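See structure below.
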Amino acid sequence: QLVESGGGTVRAGDSLNLTCEASFGTFTSYASAWYRQAPGKDREFVSGFPWSGGSPFYADSVKGRFTASKDNAKNMAYLQMNNLKPEDTAVYFCAGSCYVGSTTIGPCDVWGQGTQVTVST
């Protein structure tokens with residue numbers, strides 16, 4: 001139902017743009033989010049939209065470097081990641097049907113399979 005793409009191996013300071021394609025109107029009717037999970041760590045919130053027309057939330061660790069967007073007509077979500085750092089290395093997941101907190105989005109009921117992002121020094 002959710003399919004991520006766009007991951008890869010880059011050097012510190014480079015950029016990547018992740019995409020998430022939904023098979024139905026996930027991004028118009030429900031809150032959606034990007035999460036990531038590094039080896040040996042818990043899955044953590046990265047960015048998300050509280051509802052179809054709201055402004056995105058960002059984790060403090062990515063503010064100013066990552067930009068989330070979506071195209072509701074195409075059922076697509078995007079995560080533009082600039083100035084990548086080695087600590088951004090993780091599997092990135094797209095999620096839908098999420099609950100909305102005060103500063104984060106989640107937990108979520110629908111998950112993609114994830115896409116690997118590796119940032120080298």
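Within region 31-49, the set of residues being within 10 Å of the chain's Cα centre (by Cα) and more than 18 Å from LYS63 (Cβ to Cβ) comprises SER32 only. Checking each residue in region 72-108 for being more than 14 Å from the chain's Cα centre (by Cα) and acidic (Asp, Glu) picks out only GLU87.
Residue-level analysis places THR67 among those that are farther than 15 Å from LEU2 by Cβ, within 11 Å of the chain's Cα centre (by Cα) and not acidic (Asp, Glu). Within region 97-107, is there a residue that is hydrophobic (A, V, I, L, M, F, W, C) and over 14 Å from TRP51 (Cβ atoms)? Taking every residue of region 97-107 in turn, none turns out to be hydrophobic (A, V, I, L, M, F, W, C) and over 14 Å from TRP51 (Cβ atoms).
Looking at region 101-121, which of the residues that are touching a Phe, Trp or Tyr at 6+ places or on another chain (Cβ under 7 Å) and open to solvent by 80 Å² or more (accessible area, probe 1.4 Å) is farthest from GLU21 (Cα to Cα)? Within region 101-121, the match that is farthest from GLU21 (Cα to Cα) is THR103. Pairs linking a residue in region 3-19 that is hydroxyl-bearing (Ser, Thr, Tyr) to a residue that is part of a loop (DSSP other than H, G, I, E, B) and modelled with pLDDT of 95 or more, with Cβ atoms under 8 Å and 6 or more positions apart or on different chains, are SER15/ASN82; SER15/ASN83; SER15/LEU84; THR19/GLY6.
Where strands (runs of 3 or more DSSP E) sit wholly within region 27-121, those with at least 3 residues that are β-branched (Val, Ile, Thr) occupy 115-120. Within region 71-80, at least one residue is open to solvent by 80 Å² or more (accessible area, probe 1.4 Å) and either of a type in the set (Asp, Glu) or more than 23 Å from THR118 (Cβ to Cβ) (or both).
Condition test on PHE24, is it open to solvent by 30 Å² or more (accessible area, probe 1.4 Å), over 13 Å from THR104 (Cα atoms) and not charged (D, E, K, R)? Taking the combined requirement at face value, the residue satisfies it.
The values are calculated or read from the model by the stated rules, or taken from the named source; none is laboratory data. Quick caveat: nothing in here was measured; it's all calculated off a predicted structure. Neighbour counts run over all protein chains shown; Cβ positions are idealised from the backbone, glycine included. Please note that ligands, DNA and RNA were not included when accessible areas were found on the heavy atoms of the full protein model with its side chains. Shrake-Rupley method; radii C 1.70, N 1.55, O 1.52, S 1.80 Å.
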